[in-house]
Every structure is written in C-alpha cells, then in structure tokens.
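The values are calculated or read from the model by the stated rules, or taken from the named source; none is laboratory data. Small disclaimer: the values here were computed from a predicted structure and weren't measured. In this analysis, Cβ positions are derived from the backbone assuming ideal geometry, glycine residues included, and neighbour counts consider all displayed protein chains. Quick note on the areas: whole protein, heavy atoms, side chains included, nothing else; ligands and nucleic acids left out. Shrake-Rupley method; radii C 1.70, N 1.55, O 1.52, S 1.80 Å.
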Amino acid sequence: MMTTLTKPTEEEARRFTRAVDGGRAFVGTVMSPSAGSSAARLLSLGMVQQFLEDRTIEDFRAAGLRLNIHYADFGFLAQWFDEVIGDAELAGAISELHATGEAFGMLVPRVKELLQERIDQCEEVLEPVAEAATT
Amino acid sequence: MAETLWFDSATWLVWVSPFLGVLAAGLSRRRDPVIEGDRILRHDVPARITHWTHGIGTMFLLISGIALGLFFTPALVSGGQGIWTWMNVHFAFVVVFLFGTFYYGTNTLLATKRFREHLPTRNAVDYTKRHYGLLLGFKKLTFPPEAKYFESEKMAYILALASTVVIILTGLLKVAAHAVDIPAGVMAVTTPLHDIATVAMLAFFLAHVFFAAVLPMSWPVLLSMFTGYVSKEHAEHEHAGWMAELEGREITDSAG
Amino acid sequence: MGDGYAPRILVVDLSTETIETLDTEEYKEWGGGVGMGAKLFWDLCEDKTVGSFDPGNVITLGGGAFSGTPVPSAARTAVTGIGPQGHPTEWFTTSNFGGRFSAMLKYAGWQMVAVKGKAEKPVWIDIRNDEVTIRDASESGDGLWGLDAHETQRVINKIHEADGTWRSYGESRDSGRTTQHPAIVTIGLAGENMTHIASLTHDGGAGAGQGGFGGVFGSKNLKAISVIGTGSIEVADAAELLSARLWAADNYGYQPDDLKAFPISITGMPFSGIPSSGTAFGTASRPEGCMNCHRSCHGVRNARGLGNGSHCYDTQIYQTPEMTATGKITIDTQGRLADLMQGYSINALMLDTVGYWLGQLHKKGLVGPGNVVDTDIFEKYTFGTYEWAAEMLARMAEKREIGALLAEGPARAAEKLGRLEEDVKSGDLPLQEWGWPHHYDGRTEAEWGLASLLSSRDSNAHDFNWICMWTVTLHTLYGAPMPVDAAQMAEIIGSKVAPYNDPMMINYSDDAIYSESMAKLVSWYVAYYHYYKNSMGLCDWAYADFVNPNTEDKAGLTGIAEPRYVKGVTGREEPLEDGIKRGTRIWNLHRAIFILQGRHRDQEVYGQYMYEVPSLPVPGYMLMSSPNVLPVYENGEWSYKMVAGRVVDAARLEEWKSLYFEFEGWDPATGWPKRDTLESMDMKFVADELEKAGKLGA
Amino acid sequence: MADNDTTATGSGVTRRQFVTGVGGAGVGLVLGGLLVKGFILPDHVVAIPASEGYLLVDRVKCATCASCMLACSVAHYGRANPSLSRIQVANDPFGLFPNDVAQNQCRQCPYPPCVDACPTGANHADPETGVRMIDPAKCIGCERCVHACPFTPSRVQWNFEDKHAQKCDLCKDTPYWDEEGGVGGKQICVQVCPHNAISFTKDIPVQTDAGYLVNLRRDDAWGSLGFPVSDDGMELSPQAAPAASGH
C-alpha cells in the first residue's frame, strides 16, 4: 500500500504513540478453541499492531486447536483511534478498510501495514528529538 | 543351567523308565501272602517297591503338576527359573512314577489274581455302608468280612486306574511332543485331559492318604507297607474275609 | 459374553480405612462415569447437603463401558461429588480428565472407584488389580505429602519399579504382567491445602480442573490414587467393534499421510480434527493421544518444564496478560506456567480469571499493601511476566498473602471483599453462573449457557460450539468458503438429533433462543453429554460429530457410530434416541441431587453482566466478547449471522425456563421434577426421596 | 515259591520270560537309539525359513495412544488388555520427546531364538509364510521363548489369562477380526494406528534398530503440522524401554 497518511508533527507523534490508561484501553478478543474468549486490553497503537496477527485459514489448520484468533472489531478500532487516541486520520483509513466489508482476516495485513506505517512515521519524527535530547 | 529342561535334554529317560519297570517285573520273584505265626505277610518286596515308587512319584507329580498347572489353576510358581525347576522336578518323578507304575502293571499282568483282588465285588455297596457306618457310630451295623482290600478301596482303585491310564497316555504324548511334531489338535485335547485326570488322581490320592495313613485304624496296614507284615489280630478284625481265604475256610458274614 | 464392564466397583472409606466392593451389574444401567457416579453418590452419600470438604462427601472416579476398549476417543475419566468451586452453594458437580486412568482402573477389575470419609493422616490408595492398599503418604510412609503432582507420580512409579519392561504383579507365573506405568491421579499443594481452586492431575498434563476436586482429595487427606491393572475387558462383539473403529477412522477421521484429505478447516471439526501441532510454541513436540484415542491433542515437548502433556487451556492461562505486557506469547512463560500449575494442581481457569480481575482492580487503584485488595504482588512483580504469575500460583497454592483469599475461588474472594456484585455486573469478574468463570458465551451460544445455568457447572460440551460457532466464525473471519451452508447445516444436524430431529434446534436468532426449539436443543445436548460422553467415556473433542468434511454429504458419524460402539462393546441394540433417553435419566438424577441440596429455579440466573453488557467490544468496556457467527433462521431462510452484541433478556429467560421445565416434565414453578416424570424413567426411588424432602415437583 | 506264573505260552516261552524280554529289549532299544542319535547321526541342523513379513515403526510419530495394543488384544482374544498385546508401546509420561517412547514390536528375527528355545515346536515358523508364531495348544508353559527373546521388553509374552506364550503373528490368526490377516493380508495395529506410525513390509529389514525404526513421516502431511520430518538433529537414543523419569 502506498503511503496514505500524512506525516505527524512531533506533538502528534507523541500523542499517537502514547499508552492510555487501562480504563480507556481498546479491548481486543483472544478466541481460543479450548479456553473460549478472553479480552486483551490494548493501550497503545504499538500494542494493537502487535496484537493483530496475520493468519490464514491454513495456519489454523496446521496448528490444530492450539492457535487462537486475535480479533479486533475494526469499526470499534477506528472509533478508538479517533476518540481515545485522537488520530482521526488513522481512524479514517481504518474505517475505509472496514467499509469494504471484506473478511477480518483479509483486512488484518492491511490494517497492520497501516498501523506500522503510522508507527514508522512517528518514530521518524521522534527519533531526532530523542537523539537531540540525549546529546 | 538356567534354561535346561530335562524333558527336552533327557527325554530318553522317560522312554527307558517303563521298560525298566517291565524288566524289573520280569526279574522279580513274588511271594503270596502267608501266615507266619502271629503275623501275616501282606506285601512282598516288589509290592512295596512298586507302591512307593508309584506313590511318591504320584505325590511329587501332583505337587509339581499343580504348581505348573496350565488349565485348572493359576501357576503357583513364578515365571522363568521357578518354572524350569518345577518342570525338572516333574520330569524326575515322571521317571520314578513310570518305573513304579509299569513295574506294578507288569506284575499284575503276570498274576491276574492280584488284579482281581483289587476289583470291587457285588458286596461293594453293602460292605462299604457297614464299614463306615460303624465307624460313624451306627451301632446296629456289623463289621463286614472285608477281603485283603476293603471294598471301598477297590472302588477307588477303579478311579485311580482310569486316571493313571489317562495321565500316562496323555503324559507320554506330551513328552513325545518334545521330540516329534504332534498335531496341535491332538495337543489341544491332550493337555486338558492330562489336567482333568490330575484332578481325579488328586482326589484319589488325598482320599487314599487319609484312609490309609491319617486314620489311626489304618496305621497297622501303613506299617505293613514298610515291613511287609500285619498282625494276625489286626487281619482277623479288619480283614475277616482275607483271613478266611488265607486259612482256607468259608467266609462268614456276621450280618449274613 | 463380556459387555465392556469391569466386574466390581471399589468403595474406599478412608475414615475406617476399609474397602468395600459393589457389583457393577447393579449400576450398569447408568452407563458409567457421571451416571454411575451420581447413582453411587446417591447411594453412598448419606447427607447430600454437606459441604465439599466434609468427610461425608463422596467422590467418584471412573469411565464407562467404552473406556479402555478400541472405541475411538473414549479415554475420559469422570469425577463426581460435591465440589468446592460452586457458589453460593457447593453443588454436586462433575469434572473429567483424559489420559489412561479409567482404562487402567477397568483393567484392574474396577469399573469405578468411590472414596468417602477422611483419613486420619495423609494416605494414598495403591490399587494393583484386586489388591487395594491404603498407604501412608506422610513423611513416615512413602513421603508423598508435600510433593508436587508430577513428583508424586514419579515416586509412585519408582515404588512400582515401572521402567517399561515386563514386570509382574503377584508371585505366580500366571499373575498379571505389564509394561505400563500405573495410572495415577493426584494433587499438589493447592489440593493438600484444601483450596477451592484445585484440580486433579494425571500424567503430565491431564487434569480435572473444574469443580475443585483437588481440594476434596485434600480434605480427605488423600494424596493420590494409583492403579495398575493387567486384566482384560471382554467386549460383546469384537469384530463389530474393530470394524466400527476402522470404519470411523477411515471415513470420518483425518488421513495421517494424505494432506489433501485433511479437512478444509479442522478447528471446528470434531472427529476429523488432526493431531496437535508438532511445534507447540516453536519447540518440537510429539502429538500425544490419550488411551486409544485417534485425536492426539496432547503434546510432549523436547525440554523439561515446558508443559509436557499439557495441551489445552492449561497452556493458555496467562496469554492475554503476557500479550498485553510484552506483545508476545512465549513457551518460556506459558509452558513453564502450565507445568507449575499442573504441579500445584490448580484449575487452569483460575489464574486467568484472577489475573484479569486483579488487573482490573489494580487499574482502578484498589490493589496494594493495605488497600482493598491487600497485596504487594503488583509492587514486587510486573503483571504479564512469568514471575508475577509464578508467584501468584505459589501464593494461591500455599494460601499465602493474597493467595489465602484467592484460594477460596474468585466468587468467594470477591464476596469477602464486598465486590462480588459490582465486579460481576461490570464484567471485571465475569462469572457466568455458579461462580464459574466465563468460558463460552451464553448470550450467543444459548445452549451452552442454559445447560450451565440449569446444572452446576460450565457445561463445556463443544458439540454445537465447534460446528455452529467455531467453524462458521473462523471461516467468516478469514473469508474461507464454508464447508456447508446454513441450511445444509440445519438439515444435517436436524437429521442427527434424534428423537427430536428438528433442524430449528440450531436456530440461534434473537427470538429462537427463547423458544421451544432451544428447549429441545438444551435437552438433547445435556442428555448426549451426560450419557455418551461423561458416562460412557467419549471425548468432547471428538463427539458429537455432526458435520464432517471427509464425507460426500458432509454428514458426520454421530447417530451411526454411537449405536455401533454400544453394540460392539455391550452387545446391546441401542439406537441414538434410546441413548438420549438414558442421558435424560442421568440428567434427572443430577437435577434431583441439586434439588436436595436446595436448588430452586429462582437461583438459576446468570452473572449480572450477561444481562447488561453486550457481547461485542465497545471502547472502554471489558466484555469477554467474541464476534460469534451462528446459524439463524430469519424471514423464512437460513443464514450465518453475527449474533454478537446481544445481552440476555431476563424476562424472556424466565419464560424460557418455564417452557423448558414443562418440556422436561418438571414443575415450572420450581424447576423440580414431577413424580410422573421420574417414575416414567423408573426412578421412583428419586421421587420418594424428593417427596420426603418436600421437594417433589407439583 | 509263591510265583504261580510258570505257564508256558504256545511258543514255549513263559509270560514272565516274555515280559523280561520285552523290558530288556525296550531298554536296549532306547539306549541304543540314544547312542545312534548321539554319536553316529550328525547333529541335525534345521534351517528356519525367513519370515515373509515385518513390522516397522516410527517412534517419533507414535502418539503413545496404545490403540495398537488394544486392537491387537481384541483381534486375537476379543478382550481389551494392553498386557495381552503382542506389540508393547511403553512410554514414560514424564519423558522428553523424542525418547519418551518405545514401540516394541516383534522383529520376526531371521535366526529366531524364541523358536529355537521352544521344546515342543509350539513356537515355530509358519510353513507357508515363515512368520514366527505360537501354537497355543502345543505350548507347555515353560516360558523359554519368553526369556530367549534378545529384546527388552521381551517380544514374546506369557499370556497369563489363557496360559500360553504368545507373539506377533502378523495377524495370521485373529479369530475376533473379520479381515484376512498375515503376510498377504492386513495387520490390525497397522490399520488402527491413527498416525500411521506402524507399517508392514515384505523386505527383510536391516537387523539393527535402524532397520526396524524407520521414518514414516511424509513431508507434505507432517511437515505442514510443523512436525520434524527428518531425524537429523534429533537425538534419538537407541530404542529402549523408557523408565519412569525418576530424577
């Protein structure tokens, strides 16, 4: 996917990558065949990106019953980025993907890519600042 | 010699033993019972030899056979060495038993009278009732004029004879199986037969030991199996029929 | 002719250290497992209202007719008795575990074992065929007390000199011999210390977690039951049984060397499910099967301490905290924790539930030294790390610090803190029913929740869950073509759920879950798992098999296979509907025991969150949610639909309960069985007892 | 002289003389025969034909489920009992992959010590197929074959319920199974193994563990499970019965 997100300012980068407190976490779902479903509280952009796993139906077949689905509702995820993180642009991009109506598993790699792109952008913006701070 | 089975390595002894018995019978000189003063010769030397070789053989065969038993009891011995030891014990007494039994059998062939005196007569039921009824305290009964062997013993003899024949035939087949290929179907009948005959043999053996050795009244006769002689007094009381025969007179039955 | 049963039932009274035997014949009508177990409990437990740790409690273990025979996937051992996990009442309940125990028990000549009373000092029961010894487990004896559950088994193996070569039990040539290890069920510290969260551990990773029976062992001063058997289980029709086994595996199972024959998607497919992955957590591992099972879902790793034999929830007890804290899930954490947990004999759901709950309270600032939840664990360790979890397990097992409170189980702990109502309502402590942690979701998978609510535990039977929810949801989420469409699924399942045979039973629409079709579904579901699985011994991971990817028409083996197994093992002609009747009978007996313990329909309500919190994630909410897609019949047609997002309607649930009680022949006012119903099932003895207690349905 | 049997038979020989003759001749015959057998005839060497079938196992693939054991005992006896199985899977519940399991199958040895040890020919090579098997009816329960087996645990078992030795017959004689067994037919353990971790071959395997322990993992299927399809890098100890890990 081509870059679609605008480069954030230093202030935005800090905001987009911050960890929120537990009460405002995004709740992902771990679906386990044996354990049922449980909630994963995701506090930051980075954690969401790590949480989402790029899997295919083949992976589930090979793993037998030991592989879990890491599920996030992309509609709610977009809402969370918008309302809690304050990254309306990322929220919009996720919403757009969500609106395609494609299967969750098909969207995961694209959402992950999007999130990674945002993470990279923020790191890019914040790195010189961090370096400056240490020198 | 952990795994040596004499049945396997010394099979020939089993074959030679019956012939030795036959040979011994051929070479033996027998003496009939006779009154010698106040005692009576009841069992001559060959009788005693055949009795004890057969009897001791039977006892150890029963013990070892039951310990090893394939079909009628869990084996009393543990696996491996225990089995081999007991099989060898069984073997040793097979040799002894066969010698004694064939010795006896041949003797009997040579003197059918000896065989006949072991067979029950038409008095069997009546005598036995009176004999043991009296022992059990039925005072109104009178002691029957038993011959050399009690009628009850004679009946048991038939059982012993039958089981011995079956045991020997099946046993020899089992031994033969160590040397030649005997069809499995034959062995499938042989082994259980051997075991069933053993049960019969055991029943006879226990009864025999009880009546002939455990009951005090039989002790004089037991002794005679070692010395050959019983007292005249004993014979007159217990074997009135026999005494009459030895003295060449009519048998009188007090109940008759 | 044999009928698959072992001849005797062993009753051990630990108070008097005496052994009693019962004739299995008297109990065969109950199948085995939780059927026989409940009847044994009925007969042997004099006062059914006692607490779980009372010496009067009776615990039974054992399998059914199928156990230890070539019936595929029939290795479960069922446990029954009063369990300490239940809340507010410690209900009579059941649990089960895989492995070899029930089979070995039968080879030893015992169909079931029941333990009552309480030993004066720690003991263990050593069963060697018909020789049963109550042995000293304390320091003065075999020194088992205080050992972890794995070490205990190693010591017992040593006592037996079990080394995989032939060894004899008895002095005779014809004494039994075996190369096998004894099957041992045992407890670790959590059981010894009589916690409410203790499991029974068997082998490396088999265990009965739910119910808390580890604590019952502890309360009886019973460290372990070890059994070695060398006898035979004679089956009625061996040729039919072997043929059924091969027929099932060849036509319905996976084909081990033909990848193409592997099912399109295995996750939801019961009988055809393939072996566990050969690389659990990235380390080579052996897919290991329970006794005579074709599924092989356990795993033996190549390094010690990595959850050997564990395979299930036990390897996932701390996934989300680790994920949340570190962004990944590692064998180093999960595998080691699985081993620790098995060693302590702690119910796998407990660390997960307690961890989540404390995590929530911690975020609310309620946890810390001197705080509402008075503990320093968050100060000393980081939540999400191995160290935090290992410390928490140790504290719970040893009843140390906050562990003393948590060892009471989450419901009692929250109650003591005065937080039960609030935290269950918010979903911070999702206890769906009877203090049981949320597992599968009764809001969407109605039969699962309802069966749990009307029994005494999380129903944990995945018959419909694998097919109707997992398969469909997985395929939906990953955009894969469905093995069968919704109409086909309804038709196939409808054809298999005799005697009702109503395709509408799997209609999970918002309305249908309160209808009579759901009453039928719950009734069938409960009867099937009470009889075929928990009594006869079939494993929940393989049965019922409704939809199967290996057949032309996608119809699984359920309905055909069970009667074949029954025929092969017992010689009895028993069509599926007759088996369902047996299951219903067992279900009624269980119900009667609950009622004697004080059960009334008014108590049968879910944890409050089920009525209030929708089962879909909304920012800021904790929900125990999942995007469940299920078959629905709406506007005249079948479809798969995401039904997540709904809550339970309290009023409609109450109406449905009345409807269901009527359906089962129970009094709708109370939920108590009626005399007619019980007598029609030849259970006059139950009706009499209920009447005596004034609890017979009107 | 009490001996009253002096009656001459028709040929002029007394019965006593006759039996003496028979006894003596019999003794002579047996002893003579022994002499001939021992000193004159060469030691007879019986060549035992090779078995035409063998079981191979893959213990890396084995699920330790004992399906083979139960099926074996049911097919042969109509009873489920691991102790009566002719293949013995021994596993250590606390062992480590891949050395936690041994699949102890009979190797149908080319020079079978168990057949040699049998005193009655009960343990024999099937004349048609060479499979080493036991005729229970001929077994006298001496257990020599059980102890003669060079492998541990012994591949010949004492069937303590039916009281005879037993060993793998490649399912030639399975009264409780409908299928044709033996060399030309099926073997229940091979059929029932959920992982195909037991296979049948007509080729004589190499006479070491390596010949009988084979890799039966097909790359496509087992590799897709993430399962090690190659033995390389796996430290496989020689197949031995695993002990309970008591350390």
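A few notes on this one:
- Inverse of mean 1/r across different Cα pairs in segment B:1-146, Kirkwood, Å: 18.4
- Rg over Rh for segment B:108-156 works out to 1.09, both radii taken from alpha-carbon positions and Rh defined as the Kirkwood radius.
- Span-like helix check, chain B: qualifying full DSSP H segments, with Cα axial length of 18 Å or more and mean Kyte-Doolittle of 0.5 or more, are B:11-27, B:45-68, B:81-110, B:151-176, B:184-209.
- Phi-derived couplings, Karplus 6.51 cos²θ - 1.76 cosθ + 1.60 at θ = phi - 60°, listed residue by residue for segment C:368-378: x, x, x, 8, 3, 9, 8, 8, 9, 5, 6 Hz, with x used for Gly and Pro.
- Accessible surface for C:Arg419 stands near 30 Å², nearest 10, in the context of the full protein assembly shown (1.4 Å probe).
- Accessible-area loss of 10 Å² or more (1.4 Å probe, protein heavy atoms, chain alone versus all protein chains) is found in segment A:66-85 for A:Arg66, A:Asn68, A:Ile69, A:His70, A:Tyr71, A:Asp73, A:Phe76, A:Gln79, A:Trp80.
- Extension gain, C:Ser15 back to C:Arg304 (0.36 nm per residue minus Cα-Cα distance, nm): 100.2 nm
- 21 Å Cα-Cα threshold exceeded, pairs from C:Lys520/C:Lys567; C:Lys328/C:Lys641; C:Lys28/C:Lys220; C:Lys39/C:Lys116: C:Lys520/C:Lys567; C:Lys328/C:Lys641; C:Lys28/C:Lys220
- Segment C:420-527, accessible surface, carbon-and-sulfur percent (1.4 angstrom probe): 49
- Annotation: extensible slack from C:Lys581 through C:Asp257 equals 112.7 nm (criterion: 0.36 nm per residue apart, minus Cα-Cα distance).
- Two-site label geometry, C:Lys416 and C:Glu387: point separation in nm, points 7 Å out along Cα→Cβ: 2.7
- For peptide D:28-36, the mean count of partner chain Cβ atoms within 10 Å of a residue's Cβ comes to 3.
- The GluC sites (Glu not before Pro) found in segment C:79-160 that occupy coil by DSSP, while having at most 14 further C-beta atoms within 10 Å, are C:Glu120, C:Glu139.
- Accessible area buried between chains D and C, both sides summed, probe 1.4 Å, in Å² to nearest 100: 5500
- Of all DSSP bridge pairs formed entirely within the protein assembly as shown, close to 85 percent run antiparallel.
- Where trypsin sites (Lys or Arg not before Pro) fall in DSSP loop in segment D:160-208, at most 16 other Cβ within 10 Å: D:Lys202
- Between B:Ser218 and D:Val22, the C-beta separation translates, for a Förster distance of 51 Å, into a calculated FRET efficiency of about 0.90.
- Taking all protein chains together and a 1.4 Å probe, the residues C:Tyr500, C:Tyr107 rank C:Tyr500, C:Tyr107 from largest to smallest accessible area.
- The H on the amide N of C:Ala284, modeled in the peptide plane, is under 5 Å from the matching H of C:Asn302, each at least 5 residues off or on a different chain.
- Of the solvent-accessible surface of segment B:174-243, computed with a 1.4 Å probe over protein heavy atoms with every protein chain present, carbon and sulfur atoms account for 79 percent.
- For C:Lys118, solvent-accessible area (1.4 Å; no DNA, RNA or ligand), Å²: 90
- Between chain A and chain D, the total buried accessible area stands at approximately 100 Å², from heavy atoms with a 1.4 Å probe.
- The residue list C:Val12, B:Pro120, C:Ala248 was ranked by how far each Cα lies along the charge dipole of the protein assembly as shown toward its positive end, using unit charges on Cβ atoms, and B:Pro120 comes out on top.
- Using just its DSSP H runs of length 4 or more, each adding -39500 (n - 2.57), chain C gives a mean residue ellipticity at 222 nm of -10000 deg cm²/dmol after division by all residues.
- Sorting D:144-153, C:331-340, C:11-20 by their mean Cβ neighbour count within 10 Å, with the most densely packed peptide first, gives C:331-340, D:144-153, C:11-20.
- Calculated over segment C:626-698: convex hull of Cα atoms, volume per residue (Å³): 154
- Counting Cβ atoms of other protein chains within 10 Å of each Cβ in D:218-225 and taking the mean gives 6.
- CD proxy at 222 nm, helix term only [per DSSP H run n ≥ 4: -39500 (n - 2.57); per residue of chain B; nearest 500]: -21500 deg cm²/dmol
- Residue among A:Thr56, A:Cys122, A:Ala13 farthest towards the positive dipole end of chain A, charges placed on Cβ: A:Thr56
- Residues of segment C:206-231 buried by at least 50 Å² on assembly (accessible area, 1.4 Å probe, chain alone as reference): none
- Residues C:Glu240, C:Glu573, C:Glu679, sorted by accessible area with the largest first, give C:Glu573, C:Glu679, C:Glu240 [1.4 Å probe; ligands and nucleic acids excluded].
- List D:Asp231, C:Asp441, ordered by accessible area with a 1.4 Å probe, largest first: D:Asp231, C:Asp441
- 3J(HN,Hα) from dihedral phi, segment D:54-65, Karplus parametrisation 6.51/-1.76/1.60, rounded to Hz, x for glycine, proline: 8, 9, 10, 9, 10, 7, 6, 8, 4, 8, 6, 7
- Convex hull of Cα atoms in chain A, direction-averaged projection (nm²): 9.4
- Compared with the dominant principal axis of the Cα atoms in chain D, helix D:67-77 is inclined by about 30°.
- Scaled radius of gyration (Cα, divided by 2.2 N^0.38 Å) that segment C:416-478 gives: 1.30
- Convex hull volume of the Cα atoms of chain B, normalised per residue: 149 Å³.
- Residues of segment D:72-98 buried by at least 50 Å² on assembly (accessible area, 1.4 Å probe, chain alone as reference): D:Val74, D:Ala80, D:Pro82, D:Ser83, D:Pro93, D:Phe94, D:Leu96, D:Phe97
- Taking all protein chains as shown and a probe of 1.4 angstrom, C:Glu491 keeps an accessible surface of around 130 Å².
- Label-point separation, A:Arg24 to A:Glu58 (7 Å along Cα→Cβ), nm: 4.2
- Interchain or long-range residues, amide H under 5 Å from C:Asn347's placed H: C:Ala198, C:Ser199
- Cα-centred dipole magnitude for chain D, charges only on beta-carbon of K, R (+1) and D, E (-1), debye, nearest 20: 600
- Amide hydrogen neighbours beyond the local backbone of C:Ile82, cut-off 5 Å, H modeled: C:Val58, C:Thr93
- Charge dipole of the protein assembly as shown (Cα centre as origin; +1 on each Lys and Arg Cβ, -1 on each Asp and Glu Cβ, all else neutral): 5060 debye, rounded to the nearest 20.
- In terms of its Cα atoms, segment C:444-600 spans 50, 40, 24 Å along the principal axes, sorted from long to short.
- Candidates C:Gln488, B:Val221, D:Leu31 compared by Cα position along the dipole of the protein assembly as shown: farthest toward the positive end lies B:Val221, with charges placed on Cβ.
- HN-Hα J in Hz across segment A:68-84 - Karplus 6.51, -1.76, 1.60, θ = phi - 60°, x for Gly and Pro: 9, 8, 9, 10, 9, 7, 5, x, 5, 5, 4, 4, 5, 4, 6, 7, 9
- For the protein assembly as shown, convex hull of alpha carbons as volume per residue, Å³: 220
- Structural descriptor for chain C: relative contact order 15 percent, calculated from alpha carbon pairs under 8 angstrom and at least 6 residues apart.
- Interface between chains B and C: roughly 500 Å² of accessible area buried, both sides summed (probe 1.4 Å, protein heavy atoms only).
- Among the residues of A:21-32, the average count of other protein chain beta-carbon atoms within 10 Å of the residue beta-carbon is 6.
- Kyte-Doolittle mean at least 1.0 and Cα axial length at least 20 Å: DSSP H helices in chain A: none
- Dimensions of chain C along the principal axes, based on C-alpha atoms and rounded to the nearest Å, stand at 74, 65, 61, largest first.
- Rounded accessible area per residue of the protein assembly as shown, 1.4 Å, Å²: 35
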